[in-house]
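What follows draws every value from the coordinates through simple rules; no lab data is involved. What you are looking at is a predicted structure, and each value in this text was computed from that prediction instead of being measured. Ideal geometry is used to build each Cβ from the backbone, glycine not excepted, and the neighbour counts take in all protein chains shown.
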Amino acid sequence: MVNDQCPFCHPQMDSKQHIIFENAPCYFLQHDKEQDVLEGSGLIVPKEHHGNAFELTIEEWNDTYAGKGFRYWLKQSDNRRIEKGDR
């Protein structure tokens, strides 16, 4: 299910929101407006709209909360953010 009004169901509708990484069930999103609070911060959200966390599939739950999905990938040293001076 996709919600037409949900900014996470349609991340491409906001030009300041960027899909940094995605796999089959989820996106890792970063928004330009939020980067001054904590640079490199973002959200891991399922591609399918759900009313609450109890509606997530096992795969979505693992990728967004507990498993070796996105969270595992993001913690790997090879996937760290490039510092501005390293570019």
- Message: Taking loop as defined by DSSP and a crowding limit of 14 other beta carbons within 10 Å, which GluC sites (Glu not before Pro) in segment 1-67 fit?
- Response: E39
- Going by how many other Cβ atoms sit within 10 Å of their own, how do V2, V37 line up, fewest first? V37, V2
- Task: Give me the number: length gained by fully extending I19 to E55, i.e. 0.36 nm times residue separation minus the C-alpha to C-alpha distance, one decimal in nm.
- Result: 10.7 nm
